[in-house]
Amino acid sequence: MVEEIGRTEEGNVIINVGPQHPATHGVLHLVITINGETIVKVEPHLGYIHRSIEKMCESLTYRQFIYVTSRMDYLSSHINNHACALCIENGLQVEVPARAQVIRVLMDELTRIASHELWWGAMAMDLGAFTPFFHAFREREAINDIMEETCGARLTLNYIVPGGVMQDIHPNFQQRVKNFIQLYKSKISEYDELVTGNIIFQNRMKGIGYLSPEDAISFGVTGPSARGSGVSCDTRKTYPYEIYSQLEFDEVLETTGDSFARYMVRIREMNQSIRIIEQLIDNIPEGDFQAKTKAVLKLPKGEFMQKVETARGQFGVYIVSEGGTTPYRIKFRSPGFSNLSALDHMARGSKLGDLVAMMGTLDLVIPDIDR
Amino acid sequence: MTNETLKEKITELLPAATFEEGVQWLNILVTPADWHAFAEQLRKDESLVFDLLFCLTCIDWKTHLTMVYHLESTKFRHNIVVKSTLDVALPAISTVSDIWQTANFHEREVYEMFGVNFINHPDLRLLILPDGWENKRPLLKNFEDPVNMIKL
C-alpha cells in the first residue's frame, strides 16, 4: 500500500486528487507524487463505482444484460448497447433489417456528438472557462430531446436490442434531427471563437501531455486520444460493422500527439458525424425495425468478440457461451481503462496544473473504467 | 495475412502450439512456460507485428483457468487469440507488461479478480478492489458474498 499522504523518502510530496474532485468528472482517485510543481508519478486508485457488471451479466439472460451496459459508459450508451446486440446477432446469425441498421447508425452518431459536446464543455470548465459549458449543453439538450422522444429516456437509452431496435422512430424524428443539424451548423463557429482560437487556451494545450504513436499503441490507447498521435484506429474504418463501409466520412487524424491534437480530433470528428447523419436522415429505408427472434435467446457454444468505436475508443464485448440462456463469462474491454493507463506515462515531468489538461483530453468516464 | 498463412507462420515460430477453430479469428493454445518468449516473437516478428494487446482476460472453467489474449496488428490488421490453460489451485503465468504496457493494468485486474499470479509483474497489487479483498477472487465461479448482492 502506498502512503497516501505526507512525504516520500526522497522528500517528494504526495497529494490526493479525488475521489471527489471537480476535475476528475466522477469518482477517480489519483495519488500524485510531486517534486515542487513537477509530477513524479501519478497512480490511479479505481473501484469507487465498481459494480461488478461482468459478474452480474453471468446471471442475466441475453436480452437482459444489455440494459446494464448502458450504465458503463453512460455517454455512449447507444454504442455500448449496439456492441452487445451485434455480438449476440453474430452468434445467432440474425439478419438485421435495413431500416434498423440505418436507425442504429444515426443514433450512434448522435450519441457521439452529444458525448463530444459534453466533453468539450466539461474540459473547458476544467481549464477555468465556465461559459463554454452552457454553449455545449444548448446543443446537447437538443440531442437529448430527440432521444427522449424516440427512446423514452435521455441518458440510459436501452434502445438497441438484439435483432434491431426497441420501437420505431417517432414521427418527428427526421424533422428534429434536421433542425438539430441546422442549429449545430449555425453554432459550431462559436466553439472556435470561444475556445479553440483562444491564445490562453492554446498555450495551456500545445505541447502538453505528449504521447508518441508507439506508446499509444503499447498502452492500448484507442479512439480520439490515439488519433491525436496519428494512430489510425477508427473501428468504423478498420473493421467496419453495420453499414459504415457504405458511408462517406473521413477518419480524423492529427500528428502532434499533444493535448491540442486530441482536442482538435474531437472537434473535427463532430463534423464527420454530422456528415454521416446528413447522408442517412433522408434515406431511412421502409420496412421492419426489428428482425423476428425467439423470446428466449440461446447462443451456440463458442466465443464471440465484437469491436465497435465508442466516443472514447474501441469498445469490445467478449461473450463466452456454453449454449445456455445466460453467458458463461462476459468481458467488456472498455476504452477508458486502457486510456487511463497511459496517464502516468504522459504526466511524468509535467507541471501539476497541466494534469487537468491531460485528463480532460483523455476524456475519461469513470463508470466506463470501473465497470 | 489470412488465418491459413498465420497458422503456418506460427507453427514455424512455435511448433508446440496447437490450434483451435475459432468462430472469427485463429485461436492458439500455448503452455504458460512458452508464453513469454512466444509473445516477444509475436510482437517483434516483421511479418506479424502484433503491437496492440486489445484485450486480456481470464475464464474460470472450474477445473482450470484459461487466460485469453486478443492480439491485433495495427500495421497489417490481422487478429489472433492466444489462450493458455492454468492450474486452478496455483494459477501463474509470466507477465507481458514488458512487451505491451497496457498489460500492466489488465493483469492487475485479473490478479485481483481471479487470483492469477503474474510472474515478474512490476507492481502486482489491488487496483479496483478495496483493501482487505486480497485472495477473495470475486470473479471465480465459486465466490459467494453474503453482504454485497451480486447474484440476481
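The values are calculated or read from the model by the stated rules, or taken from the named source; none is laboratory data. No experiment lies behind these values; they were computed from the predicted model shown. In this analysis, Cβ positions are derived from the backbone assuming ideal geometry, glycine residues included, and neighbour counts consider all displayed protein chains.
Which one of the conditions (1) assigned to a helix (DSSP H, G or I); (2) at pLDDT 90 or above does A:Thr222 fail to meet, given that it meets all the rest?
It fails just one condition, (1).
Which count do you get for residues in region A:43-82 that are within 13 Å of chain B (Cβ to nearest Cβ) and on the phi < 0 side of the Ramachandran plot?
21
Select from region B:30-57 the residues that are under 24 Å from B:Gly115 (Cβ atoms) and either more than 14 Å from chain A (Cβ to nearest Cβ) or in contact with a Pro (Cβ under 6 Å, 6 or more places away or on another chain) (or both) and list them in ascending order.
Listed by number, the residues that qualify are B:Val30, B:Thr31, B:Pro32, B:Ala33, B:Asp34, B:Trp35, B:His36, B:Phe38.
I'd like to check something: does region A:231-239 contain any residue that is facing chain B (nearest Cβ under 10 Å), in a strand (DSSP E or B) and surrounded by 21 or more Cβ atoms within 10 Å (Cβ to Cβ)? Talk me through it step by step, then tell me what you get.
Looking only at region A:231-239, we keep the residues that are facing chain B (nearest Cβ under 10 Å), and these are A:231-233, A:238-239.
Narrowing the set further to residues that are in a strand (DSSP E or B) leaves none.
Within region A:231-239 (the criterion being facing chain B (nearest Cβ under 10 Å), in a strand (DSSP E or B) and surrounded by 21 or more Cβ atoms within 10 Å (Cβ to Cβ)), the answer is no, since none of the residues qualifies.
State whether one or more residues within region B:81-93 are within 24 Å of A:Ile53 (Cβ to Cβ) and within 11 Å of chain A (Cβ to nearest Cβ).
Taking every residue of region B:81-93 in turn, at least one turns out to be within 24 Å of A:Ile53 (Cβ to Cβ) and within 11 Å of chain A (Cβ to nearest Cβ).
Quick check, is B:Val68 under 30 Å from B:Asn135 (Cα atoms), in a loop (DSSP other than H, G, I, E, B), within 11 Å of the chain's Cα centre (by Cα) and within 14 Å of another protein chain (Cβ to nearest Cβ)?
no
A:Glu251 passes all but one of (1) closer than 30 Å to A:His170 by Cβ; (2) touching a helix residue (DSSP H, G or I) at 6+ places or on another chain (Cβ under 7 Å); which number fails?
(1)
Taking into account only those residues within region A:54-80 that are touching a Cys at 6+ places or on another chain (Cβ under 6 Å) and under 29 Å from A:Ala122 (Cα atoms), which is surrounded by the most Cβ atoms within 10 Å (Cβ to Cβ)?
A:Thr69
Restricting to region B:82-135, give me the number of residues that are assigned to a helix (DSSP H, G or I) and touching a helix residue (DSSP H, G or I) at 6+ places or on another chain (Cβ under 6 Å). Give the derivation first.
Kept after step one, since they are assigned to a helix (DSSP H, G or I), are these residues of region B:82-135: B:103-114.
Next, from what is left, pick out any that are touching a helix residue (DSSP H, G or I) at 6+ places or on another chain (Cβ under 6 Å): B:105.
Of the residues in region B:82-135, 1 are assigned to a helix (DSSP H, G or I) and touching a helix residue (DSSP H, G or I) at 6+ places or on another chain (Cβ under 6 Å).
For region A:9-26, check the following and say yes or no: at least one residue is within 27 Å of B:Leu140 (Cβ to Cβ) and part of a loop (DSSP other than H, G, I, E, B).
There is no residue in region A:9-26 that is within 27 Å of B:Leu140 (Cβ to Cβ) and part of a loop (DSSP other than H, G, I, E, B).
Could you identify the single residue in A:Ile284, A:Ile330 that is away from chain B (no Cβ under 14 Å) and either aromatic (Phe, Trp, Tyr) or in contact (Cβ under 8 Å) with a residue 24 or more places away in the chain (or both)?
On the way: A:Ile330 fails: away from chain B (no Cβ under 14 Å).
A:Ile284 is the lone residue from the list that is away from chain B (no Cβ under 14 Å) and either aromatic (Phe, Trp, Tyr) or in contact (Cβ under 8 Å) with a residue 24 or more places away in the chain (or both).
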